[in-house]
4 protein chains.
Amino acid sequence: MRKIRMGMIGGGRGAFIGAVHRMAAALDGQIELVCGAFSSNPKKSKLSGKDFFLPADRVYGSYEEMIKKEKTLPVTERMDFVAIVTPNHVHFPPAKMALENGFHVICDKPATFNLKEAKALQKIVKKTGLVFALTHNYTGYPMVKQAKAMIAKGKLGKIRKIVVEYPQGWLSTRLEASDQKQAAWRTDPKKSGAAGAMGDIGTHAENLAEYITGLKITHLCADLHTFVKGRRLDDDGSVLLKFDNDARGVLMASQISAGEENNLRIRVYGEKGGLDWSQMEPNTLTARWLDKPVQLLRTGSAGIYPESSNATRIPAGHPEGYLEAFATIYLNFAQSVRAYQAGKKPKKQFSDFPTIEDGVRGMQFIEKVVASGKSKSKWTKF
Amino acid sequence: MRKIRMGMIGGGRGAFIGAVHRMAAALDGQIELVCGAFSSNPKKSKLSGKDFFLPADRVYGSYEEMIKKEKTLPVTERMDFVAIVTPNHVHFPPAKMALENGFHVICDKPATFNLKEAKALQKIVKKTGLVFALTHNYTGYPMVKQAKAMIAKGKLGKIRKIVVEYPQGWLSTRLEASDQKQAAWRTDPKKSGAAGAMGDIGTHAENLAEYITGLKITHLCADLHTFVKGRRLDDDGSVLLKFDNDARGVLMASQISAGEENNLRIRVYGEKGGLDWSQMEPNTLTARWLDKPVQLLRTGSAGIYPESSNATRIPAGHPEGYLEAFATIYLNFAQSVRAYQAGKKPKKQFSDFPTIEDGVRGMQFIEKVVASGKSKSKWTKF
Amino acid sequence: MRKIRMGMIGGGRGAFIGAVHRMAAALDGQIELVCGAFSSNPKKSKLSGKDFFLPADRVYGSYEEMIKKEKTLPVTERMDFVAIVTPNHVHFPPAKMALENGFHVICDKPATFNLKEAKALQKIVKKTGLVFALTHNYTGYPMVKQAKAMIAKGKLGKIRKIVVEYPQGWLSTRLEASDQKQAAWRTDPKKSGAAGAMGDIGTHAENLAEYITGLKITHLCADLHTFVKGRRLDDDGSVLLKFDNDARGVLMASQISAGEENNLRIRVYGEKGGLDWSQMEPNTLTARWLDKPVQLLRTGSAGIYPESSNATRIPAGHPEGYLEAFATIYLNFAQSVRAYQAGKKPKKQFSDFPTIEDGVRGMQFIEKVVASGKSKSKWTKF
Amino acid sequence: MRKIRMGMIGGGRGAFIGAVHRMAAALDGQIELVCGAFSSNPKKSKLSGKDFFLPADRVYGSYEEMIKKEKTLPVTERMDFVAIVTPNHVHFPPAKMALENGFHVICDKPATFNLKEAKALQKIVKKTGLVFALTHNYTGYPMVKQAKAMIAKGKLGKIRKIVVEYPQGWLSTRLEASDQKQAAWRTDPKKSGAAGAMGDIGTHAENLAEYITGLKITHLCADLHTFVKGRRLDDDGSVLLKFDNDARGVLMASQISAGEENNLRIRVYGEKGGLDWSQMEPNTLTARWLDKPVQLLRTGSAGIYPESSNATRIPAGHPEGYLEAFATIYLNFAQSVRAYQAGKKPKKQFSDFPTIEDGVRGMQFIEKVVASGKSKSKWTKF
């Protein structure tokens, strides 16, 4: 037995999400970073490789080079998978190339630049049979898994109402006009895709709602808006939803909610009770009931299902956060790669991570929500 | 100087909102209950009058009788105003009669049974020049007044986004099929009007949003739904909003959000910061800012404007609640009646209570939101 | 049936606690203010009487005058009880005189100036058989009553640990050097008594701990301190406690905890679980358990005992606050007076208010805690 | 440049704190685990080594063997430091041996089994000049560092009152009678030392209070108690404190506070304001002020000092937890080892971790608090 070997695409010096992926991959001691193409700028890639203590010959000038060269290395040495942490328009090409060269893939969300790419990628994943994970990291939180399990077991009865919201405030001003790299590509339609806030964080909200409830959105009615002058993509939007069991919902995603940090929250109401979870205090799941007192379900504490406690590392009261939830996606992905290599199916708990199906669904959401935003009709079919 | 004298219409034994009005009227020692027509059942009215220690000859069998008889009493004795606390379909007739006979009126919300009545009432109020207050009681909270003052002073910059929500869970089952009086009339289109949840609590949300921001809704897009089988009016709804400064918003009102008590909450985001207020912890107003730490503004504490602290009775940290906010409506109404009697204008702080204009607006909201709920077009003009 | 008639001693213009008593007495419509000696300054007393719309001949220049004159009025007119809302050194004399002249008494806490007076008052109450209530108002909160009921029913098992704390910050500076009336008498040993913070708010903490748990303090070990230079009484103290079932505890009272408003909180831990209640969010009682999820018990909501819900006026989610809790003491007192007048015992729920026994205990606490503060021995017997 | 190499002592299969140390060491990509003596049982040590993908020849049967063998390896290969994660009675011997053989040491708290050992260890650290860190991990939280910086900069004025509390409930029953390993050694005086709860978590509280305020405890007055029958060490205690600037304080540590998870909390009040921090929601530091609104200072957000933001990995609103705080101790330790190897002083931010001085102080605390618990005098000198 050995650690699973990761090659990273993107995520060099100064990148936010690259560092997150590295920490998440490292946390559980199952994965080691062995190589990378950390930047489209080869010099910057080299310097970044040094930061991570990689040997110079495993730091590449481009992902194409990396995939080609790694493939020539002995199986005992070469990377097992690539982690793609580039802007959206550079997801599909390296994912395709990696898969077609036999490497598993873990990729940041949204899956691709547009729906067409996502569907193409779905076919490639299917054809190759390799492991593909999408880092909709919020599904890695133990209390999100608890909520999902409770609903699946029928604790709330039939689901009636879902409210999912994701307010941020960091794009309240025209940050992209300064040199802020994160803002720049996210507000550039050529790099981000058809949607701004709806693509960047709305897809997280959509994914979380469907993950937790097991329901699918069937219709939506969107009002997208750009508040900051000169911005080219939506920075705020609100969407009415219908689900496939006739539940109703509201989804909000905003990057101009001044003063908000990263306040993803979901509430689900059924016939018998309601659940309420907030990402910024992720270790508490509030359960409200028709006929008994409110409960605070706590990570790793009494009354928690295995689906949730399996995703917990330390005793109750020792808060786990964003990186731990992210790491759970990596852990499950790595164990699935390990199972694949052993010619086995992964254990059920390890197959719990977002896949290309979630990715296709997310790209459909972007396409539909943008279409609805422009439509004069109330409902757009999903 | 003497106490202002109140006659009550409705609110006999077992009524919820009648008791609230009596406590609110009593709290500040400015008003005394002198007579009442507490029930359409004269026997029940009499018994209720005893509960309130009224002399038998001031307890009437009907509001018509009360208004007529009281008018014949000497000015030094007769009631100054009526408080109308009946179901919605019995708001307009007594309000009209009271005003036309020279009595001021304070009335529970929504103003009337339908928009037509509201407009008629508006004319009568105007013609008589008497004082008319509508108990949109949530505007009486000190931290709501603080929010309004901060926005009016431009502390948030231009307003961009408003999210107002009012989830309750008490109608998650078909309570009206049992003998529950509160549920029965609220779900009966002949007593409640065209809307269920949207009329009962959606109007509070609409009023609160417009009161705090000073903005007006111009367009709405509603999805109304009835979840409980056999119910005749909406029990849940979500509405996209546009405001007259081009701000966007979401309004949710629900009585099937299982486990929720009375969780009215409003968030307002401007260019510089955001405000967040929840009725269930009403003494804290959270202010978030683009460039400085989150603040918790607290009733009666440092940094509070006079518009807010004027509506506070006790030192910070001694929580004031629902009845105190309600009482502030009564207090301001009573002081306005006192000013009227003295032939003066009330002090500015005392003129801060909801009027028939709010009432007309609320009835318009009900009409429009019901129309939008049935429409296939996205936007309905307000 | 008629309202119970109140005469007030103290509480004129500008007084904080007098206004609180008047609002609390008015809220439930059972009591009317009929007379008062609102100030030791007769002019100020007269002006205050006007504020409350009292006839001039029922506004007195001194409590002695009031008690004497009222006694001469016909039973159908004269006051039933006095409410004493003066500084501590003027509690005993009017209480004694009122009782000895046949008037029931409700008195602000602490009961008297010193323990000797408290014991003397206890004898008078006993001898006269009249109703005496002490406004340890925090025992009026529904969730405090819920906690008491849960412990009495054994839900927590044997009680092991009690932590009660009462931090305020308003005396962080030498406020008494300015013209602040509230600060002036509370820090004056001739008006306040032997203790400062421990007398003013420490007694509330002591009373709350014993009320909720049904236990009695047997030993204490105090560290009292005066932080503000020139102040003559303690402004901060911490006390270790032993209880009569061998439970241990900590009591803190502080008026120099800068930035704190009125943050009374109590936690009680037993063998099976723990309870946690904070005055500043009084409608939630947190119950933690060894083997099941945390519960949030809410005023008037599912799972609440009658001992608690009897003390609630409005539905769950409509917050009741400080004045309502205070009013519950008044309501129970008034109903007990009514029962006395009818020659009956009050209903059990109405006999739930603090009495002279609580008063004696509070004065003992002050005496013992001051003694312990000066002692070099660890434990002082209560 | 290369990763710093760690050898672990203790922490094999089933150990709680060993896994924590491994995750904390791995998170930032600066440290790699290269060898270990994971158990006093050589077989178990071997199996554990496999779990961590270590080569068999770097997994040792005892720490003595490990230190001896590693010393013989070339400098380019051998471990740089040992991490000691054994029960308290096995801290001193391996720490001594490691230091005397030229290896840096990071050690779990409390430092040693008793004060004598701690002082001996202090001398060895001094003599060898090697880097020694003690994992009082709670000092690694960004908001703890923010609190420390604010106090050091005088934002609160002179400190007056400190309340630090650490309630847990997991030892409410006699868990050590079952096979629970964590409970067994912690309640065994031969393994844990002179104190139970006071040693295990009281020392964290003591360390946190002194770290944040920069003050030193000078006197204490303790009440220690054992609630669970048959238990051999204290499971609950409360302590009055005096500090070297004449501030007063209270320290509570309890493992029988039923239902509490790991609720470490500290409040510090100065002349101008107060700070409030809770480990279970570690990313918020509440600052209360005499004369302005309450502030919620948030990890990585506006208004945070570099001393704090340096210890943050991801943007505000992405919660960091227990493992991240723990990792910050490891990161600073590793960078200090790196500086040592380069013959330099570490950067200021990297020298912020608990040392043997904290360890000696913690052992003194245990000795004094146990002595005070047995004393009849109020104050025991620290």
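Derivation of every value follows stated rules applied to the coordinates shown; laboratory data play no part. Values in this document were obtained by computation on a predicted structure and should not be read as measured data. Cβ: placed from backbone, ideal geometry, glycine included. Neighbour counts: every protein chain shown.
Per residue of segment A:332-339, in order, report the coupling 6.51 cos²θ - 1.76 cosθ + 1.60 (Karplus, θ = phi - 60°) as ³J(HN,Hα) in whole Hz, putting x for Gly and Pro.
So the J values, rounded to whole Hz, are 5, 4, 4, 5, 6, 4, 4, 4.
How shielded is A:284-293 by partner chains, expressed as the average number of their Cβ atoms within 10 Å of its Cβ atoms?
Details: counts 3, 1, 3, 2, 12, 6, 7, 6, 5, 13.
Per residue, the number of nearby Cβ atoms from other chains is 6 on average.
Pop a pseudo-label 7 angstrom from the Cα along the beta-carbon direction at both A:GLN349 and B:SER309 and give the gap in nm to one decimal.
So the label points at A:GLN349 and B:SER309 sit 5.7 nm apart.
For D:ARG232, what residues show an amide H to amide H distance below 5 Å, using hydrogens built from the backbone and excluding near sequence neighbours?
It is none; the list stays empty.
If you line up the long axis of helix B:115-128 against the longest principal axis of chain B, both from Cα atoms, how many degrees apart are they, to the nearest 10?
60
Quick one: putting +1 on the C-beta of Lys and Arg, -1 on the C-beta of Asp and Glu, what dipole do you get for the protein assembly as shown around its Cα centre, in Debye to the nearest 20? Intermediate results must be reported in sequence, preceding the final value.
Numbers: 228 positive and 152 negative charges, 2 e Å.
Computed about the Cα centre, the dipole is about 0 debye.
Normalise the Debye intensity by I(0) for chain C, one equal point scatterer per Cα, no solvent, then take log10 at q = 0.11 Å⁻¹ and round to two decimals.
-0.78
When you look at the Cβ of every residue in A:309-318, what mean number of other chain Cβ atoms sits within 10 Å?
Mean inter-chain Cβ contacts per residue within 10 Å come to 6.
Report the Cα centroid-to-centroid distance between segment D:274-314 and segment D:165-186 in angstrom, as an integer.
Rounded to whole Å, the Cα centres lie 32 Å apart.
How do C:TRP170, A:TRP277 rank when sorted from fewest to most other Cβ atoms within 10 Å of their own Cβ?
Exposure proxy ranking, most exposed first: C:TRP170, A:TRP277.
Roughly how many nanometres apart are two label points built 7 Å out from the Cα toward the Cβ at C:ASP244 and B:ASN41?
Taking the two extended label points, one gets 4.9 nm.
DSSP beta bridges in chain D, what fraction antiparallel, as a percent rounded to 5?
The antiparallel fraction comes to roughly 60 percent.
Give me the distance between the Cα centres of segment B:117-139 and segment B:37-65, rounded to whole Å.
That distance is 25 Å.
Mean projection of the alpha-carbon convex hull of segment B:15-121 over all orientations, in nm²? Walk me through the intermediate numbers first.
Numbers: hull surface 26.6 nm².
Averaged projected area of segment B:15-121's Cα convex hull equals 6.7 nm².
Towards the positive end of the charge dipole of chain B, with charges on Cβ (+1 Lys, Arg; -1 Asp, Glu), say which of B:ALA26, B:TYR340, B:SER301 has the farthest Cα.
Farthest along the dipole direction, towards plus: B:TYR340.
Residues with beta-carbon under 13 Å from that of C:ARG313, excluding C:ARG313: net charge, scoring Lys, Arg +1 and Asp, Glu -1? Please list the in-between numbers first.
Details: positive: B:ARG22; negative: B:GLU324, C:ASP28, C:GLU320, C:GLU324.
With Lys, Arg at +1 and Asp, Glu at -1, the neighbours total -3.
Please report, for the Cα atoms of segment D:39-184, the Rg to one decimal and the Dmax as a whole number; what are they, in angstrom?
That works out to 19.5, 57 Å for Rg and Dmax.
Run through the other copies and list how far each one's label point is from that of D:ASP57, in nm with one decimal, shortest first; the point sits 7 Å from Cα along Cα-Cβ.
2.3, 11.3, 11.4
Can you list the aspartates and glutamates whose alpha carbon sits under 17 Å from that of C:LYS71, skipping same-chain ones fewer than 8 residues off?
Hits, sequence-local ones excluded: C:ASP57, C:ASP80, C:GLU100.
Please report, in Å, the Rg and the Dmax of segment C:261-367, where both are computed over Cα atoms only.
Rg, Dmax (Cα atoms, Å): 16.5, 50.
When only DSSP loop residues count, what GluC sites (Glu not before Pro) in segment D:57-133 have their Cβ near at most 13 other Cβ atoms within 10 Å?
D:GLU77
Any chance you could check the Cα centroid distance between segment C:326-372 and segment B:338-382 for me, in angstrom?
Their Cα centres are 47 Å away from one another.
Using the Karplus curve 6.51 cos²θ - 1.76 cosθ + 1.60 with θ = phi - 60°, what ³J(HN,Hα) values do you get for each residue of segment C:208-220, in whole Hz, with x for Gly and Pro?
Along segment C:208-220, the couplings run 4, 4, 6, 5, 5, 8, x, 8, 10, 5, 10, 9, 9 Hz.
Taking B:ALA342 in one copy and the same position in all the others, each labelled 7 Å out along Cα→Cβ, what are the pairwise distances from the first, in nm, shortest first?
Spacings between copies for this position, smallest first, are 4.2, 7.7, 8.6 nm.
For segment A:367-378, just list the computed ³J(HN,Hα) in residue order, Karplus coefficients 6.51, -1.76 and 1.60, θ = phi - 60°, integers in Hz, with x standing in for Gly and Pro.
4, 6, 6, 5, 4, 4, x, 8, 7, 8, 7, 5
If you rank C:SER278, D:SER238 by fewest surrounding Cβ atoms within 10 Å, what's the result?
In order of increasing Cβ crowding within 10 Å: C:SER278, D:SER238.
Where does the charge balance sit around A:LYS347 when Lys and Arg score +1, Asp and Glu -1, over other residues with C-beta under 13 Å from its C-beta? Please list the in-between numbers first.
Working: positive: A:ARG338, A:LYS344, A:LYS345, A:LYS348; negative: A:GLU307, A:ASP352.
For residues surrounding A:LYS347, the net value is +2.
Using every Cα-Cα pair within segment B:50-92, state what percent have a distance larger than 14 Å.
Across segment B:50-92, Cα pairs with separations above 14 Å total 57 percent.
Dipole of segment D:1-135, Cα-centred, from +1 at each Lys and Arg C-beta and -1 at each Asp and Glu C-beta, to the nearest 20 debye?
220
Per DSSP H run of at least 4 residues, take -39500 (n - 2.57); add these up for chain C, divide by its residues and hand me the 222 nm value, nearest 500 deg cm²/dmol. Walk me through the numbers on the way to the answer.
Values: 12 runs with 130 residues, N = 382.
Using -39500 (n - 2.57) per qualifying helix, the result is -10500 deg cm²/dmol.
Give me the one-decimal nm value for the distance between modelled label points at D:LYS190 and C:ASN101, 7 Å along each residue's Cα-to-Cβ direction.
Here the modelled spin labels are 7.8 nm apart.
Based on Cβ point charges of +1 for Lys and Arg and -1 for Asp and Glu, what charge dipole magnitude is obtained for segment C:301-348 about its Cα centre, in debye rounded to the nearest 20?
360
Translational diffusion coefficient of segment C:192-287 at 37 °C, 0.692 mPa s, Stokes-Einstein with Kirkwood Rh over Cα pairs, in µm²/s as a whole number.
On the way: Rh = 14.4 Å.
The diffusion coefficient I find is 228 µm²/s.
Measuring nothing but label to label, 7 Å from Cα along Cα→Cβ, what are B:PRO189's distances to the other copies in nm, shortest first?
Shortest to longest, the spacings are 4.5, 7.8, 8.1 nm.
Summarise the long-distance tail of P(r) for the protein assembly as shown by giving the % of C-alpha pairs beyond 61 Å.
When all Cα pairs of the protein assembly as shown are counted, 20 percent exceed 61 Å.
Counting Lys +1, Arg +1, Asp -1, Glu -1, what net charge surrounds C:ALA149 among other residues with beta carbon under 11 Å of its beta carbon?
Summing Lys/Arg as +1 and Asp/Glu as -1 gives +2.
With respect to the axis carrying D onto C, what is the closest chain D residue by Cβ position, and how many angstrom separate it from the axis?
Nearest to the symmetry axis by Cβ: D:LYS378, 2.
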